[in-house]
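S.K.: Take this structure, written in structure tokens, and hold onto it; I'll ask about it next.
The values are calculated or read from the model by the stated rules, or taken from the named source; none is laboratory data. Since the structure is predicted, the reported quantities are computational estimates derived from the model, not experimental observations. Don't worry about glycine lacking a Cβ; one is built from the backbone with ideal geometry, like all the others, and counts go over all protein chains shown. Accessible surface is based on the protein model in full, side chains and every heavy atom, while ligands, DNA and RNA are left aside. Shrake-Rupley method; radii C 1.70, N 1.55, O 1.52, S 1.80 Å.
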Amino acid sequence: MISREKRAAASAAASPYAHLTYQHRLNFYDEPPRYNITLDEFESCAIDRLRILSEIESCLARNRSPEDMKTVIDAQCRKFLPLDANTASKLVDVDAQRKRDHLGHFVLRLAFCRSEELRRRFVKSETMLFRIRYELADQNEVNQFLESKKFAWEKASNGELQSLKSELIAVHPRLPWPENGSPPAYYKVNWTSVPDLVAQRKVLLRLGKAYVPATEQESIVLQEFQERIESNLDRTAKALPRLDEDDRILPILGHLADGLLAGIPMDSSFAVTEGDGVTITADMIEDLSRKHFPLCMRNLHDNLRKDKHLKHAGRLQYTLFLKGFGLTLDEAIVFWRKSYRGGKVKDDDFNKEYKYNIRHSYGQEGKRADYPPMNCARIITSQQPSAQESHGCPFKHFSIENLDTALLTKYGSCGMNSSALPEINKYVKDGHYHVACTRVYEITHNIRKGEGLGGGESVTHPNLY
Ligand code: SF4
């Protein structure tokens, strides 16, 4: 008799895809990557994956329907982490795609094994990502993948099923059970492998085994995936202290973990554009701020107007934002000079000190680096502003009372009202600051809930607002 392993090996060898290093698009990530990579690859694969996990968290926080979430995440995956089926292997390098997927998972595993909170969030979003890919995959592919995993699932025999017929029909009355034909297919698994089905009374329990209809196979697979990730994360956490000496990798891992805590990958970037053909001038900022600025920038703008001054961190955050908005260096100097006029900064001081800083932000002084506008992750994880400072993200750094007041006063004329506050406050209390900001965007721009910036995308950068 040919064993199951030999059958699987023989069918893999006979497969037209036998040359692929990664035979399957789906992956349980049991084997760590065993090849050399550059630091750049290490970071970029992880950041691309983090974008997707963050979007999953954001969809979950916004209670998006499973179908909506599948559409949004599928689009994000195509953009940042495409993963094509074997049938596309003549057109695209599916091994390279799968390598990025594999690597990104393991780097994030290193970053997120360090605390209970990070582990919980990582497992939840990774399991959801696997679920979406599983449901979008072709059934043949899924079958081949499951066959390769050699799960210890036992198929219940026909005789056993016949003896339990009435109990099984009572649990699954809609499952067709032909009068004279074979019973429907069932798997026998330890009941602990399918806690969700047990909780929903969707399985028959006998002697510690759950009888799971083949139609519920996905639940067993997802549970198996989740358990493996959880135990592998525990093992990684124990091995992590050995990395403590590595000063190249540790800062990257810390950065990635901050990104997940902020709900957004750290490098969620924004390319400075020429303003889509519209020339932005200093005089237009006041008007634009009321219609197009997110709360962090609106807060900076209003405080600048009121105090005729901003402290260094706020000035930097706002200057870079305006640069990303399309304000040229000359117009930026005009804007800041006007904004300080009548305040405690004299014209001479402005020319000596402040003008230099603006030119520096535009890459015209010092080492002439072209500093990009700050993304939400960087702003959200910045230091808590003191009473005299105005930088940061109000959703993270304001008290709930101050946040509510700011929302009503600044956006009251654009549709914000007190009935919207409980929902926004809930996102804030759960730590989903950018989701709260996205909801404000939807309300003040009269956009259907869940649409975000378009196609469900949430705010990850003030300049995308
Ligand atoms: Fe600004 Fe981002 Fe916070 Fe919105 S979520 S207020 S854009 S930092």
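S.K.: Please report the net charge: other residues with Cβ closer than 12 Å to the Cβ of H172, K and R +1, D and E -1. It would help to have the intermediate numbers written out before the result.
M.R.: On the way: positive: K165, R174, R201, K202; negative: E167, E216.
Within the 12 Å Cβ shell, the charges total +2.
S.K.: If you don't mind, another one. Return the subset of K99/K396; K70/K124; K79/K291 for which the Cα-Cα distance in this structure is over 24 Å, preserving the input order. Don't skip to the answer; put the middle values down first.
M.R.: Working: K99/K396 36 Å; K70/K124 15 Å; K79/K291 30 Å.
Too far apart for the 24 Å limit: K99/K396; K79/K291.
S.K.: Would you work out the charge dipole size for the chain about its Cα centre, treating the Cβ of every Lys and Arg as +1 and the Cβ of every Asp and Glu as -1, and quote it to the nearest 20 debye? Spell out each step's value before the answer.
M.R.: Working: 66 positive and 63 negative charges, 104 e Å.
Roughly 500 debye, rounded to the nearest 20.
S.K.: Separation between the D30 and M284 pseudo-spin-labels, each 7 Å from Cα along Cα→Cβ, expressed in nm?
M.R.: Those two pseudo-labels are separated by 5.9 nm.
S.K.: Once the other residues with Cβ under 12 Å from the Cβ of E116 are scored (Lys, Arg +1; Asp, Glu -1), what is the net sum?
M.R.: Working: positive: R114, R119, R120, R121; negative: E117, E230, D234.
With Lys, Arg at +1 and Asp, Glu at -1, the net is +1.
S.K.: While we're here: Once you charge only the Cβ atoms, +1 for Lys and Arg and -1 for Asp and Glu, what is the size of the charge dipole of segment 87-244 about its Cα centre, to the nearest 20 debye? Walk me through the intermediate numbers first.
M.R.: Working: 26 positive and 22 negative charges, 82 e Å.
With only Lys, Arg, Asp and Glu charged at Cβ, the dipole is about 400 debye.
S.K.: For segment 151-220, state the average projected area of the convex hull of the C-alpha atoms over all orientations, rounded to one decimal in nm².
M.R.: On the way: hull surface 18.1 nm².
In nm², the orientation-averaged hull projection of segment 151-220 is 4.5.
S.K.: On a straight-distance basis, which aspartates and glutamates could pair with K429 in a cross-link, Cα separation under 16 angstrom, same-chain partners fewer than 8 positions away excluded?
M.R.: Reachable aspartates and glutamates: E57, E117, E401, D404.
S.K.: State the extension gain, in nm to one decimal, for the chain segment bounded by E227 and E147, taking 0.36 nm per residue of separation less the distance between their alpha-carbons. Kindly include the intermediate steps, with their values, before the conclusion.
M.R.: Details: separation 80, 0.36 × 80 = 28.80 nm, distance 1.88 nm.
Taking E227 through E147 to full extension adds about 26.9 nm, to one decimal.
S.K.: Which FRET efficiency, nearest 0.05, do T192 and I249 yield, Cβ-Cβ r, R0 45 Å?
M.R.: Working: r = 36 Å, r/R0 = 0.80.
The computed FRET efficiency comes out at 0.80.
S.K.: What's the carbon and sulfur percent of segment 94-206's accessible surface, probe 1.4 angstrom, rounded to a whole number? Numbers along the way, then the final one.
M.R.: On the way: 2850 of 5730 Å².
Carbon and sulfur: 50 percent of the exposed surface of segment 94-206.
S.K.: I've got another one for you. Any chance you could run the full-extension gain for N446 through T71? It's 0.36 nm times the residue separation minus the Cα-Cα distance, nm to one decimal.
M.R.: Details: separation 375, 0.36 × 375 = 135.00 nm, distance 2.23 nm.
Going from the current span to full extension adds 132.8 nm.
S.K.: In nm², what is the average projected area of the convex hull enclosing the Cα atoms of the chain? Intermediate values should be presented prior to the final figure.
M.R.: Details: hull surface 115.8 nm².
Its Cα hull, projected and averaged over all orientations, spans 29.0 nm².
S.K.: List residues of segment 141-160, by number, whose backbone nitrogen lies under 14 Å from a label position 7 Å along Cα→C-beta of W177.
M.R.: It comes to 158-160, nothing else.
S.K.: Near K90, which aspartates and glutamates are there with a Cα under 18 Å away, not counting those fewer than 8 places off in the same chain?
M.R.: Excluding near neighbours in sequence, the set is D138, E141.
S.K.: Here is a follow-up. Calculate, in nm to one decimal, what D84 and L421 gain on full extension: separation in residues at 0.36 nm each, minus their alpha carbon distance. Walk me through the numbers on the way to the answer.
M.R.: Values: separation 337, 0.36 × 337 = 121.32 nm, distance 4.21 nm.
Working it through step by step, the gained length comes to 117.1 nm.
S.K.: Can you list the lysines whose alpha carbon is less than 23 Å from that of K346, not counting same-chain residues fewer than 8 positions off?
M.R.: K306, K308, K311, K338, K355
S.K.: Could you tell me the center-to-center distance, by alpha carbons, between segment 315-382 and segment 93-122 in angstrom?
M.R.: With segment 315-382 and segment 93-122 each reduced to a Cα centre, they are spaced 37 Å.
S.K.: Using the alpha-carbon atoms, what tilt in degrees (0 to 90, nearest 10) does helix 249-262 show relative to the longest principal axis of the chain?
M.R.: With both axes taken from Cα atoms, the answer is about 90 degrees.
S.K.: Now a separate question. For segment 283-464, max minus min Cα coordinate along each principal axis, in Å, sorted largest first?
M.R.: Principal extents (largest minus smallest coordinate, Cα): 49, 31, 30 Å.
S.K.: Can I ask one more? I want the local charge near A332. Using Cβ-Cβ distances under 12 Å, sum +1 for each Lys or Arg and -1 for each Asp or Glu among the other residues. Working shown, then result.
M.R.: Details: positive: R315, K323, R337, K338, K355, R359; negative: D330, E331.
Value of the local net charge: +4.
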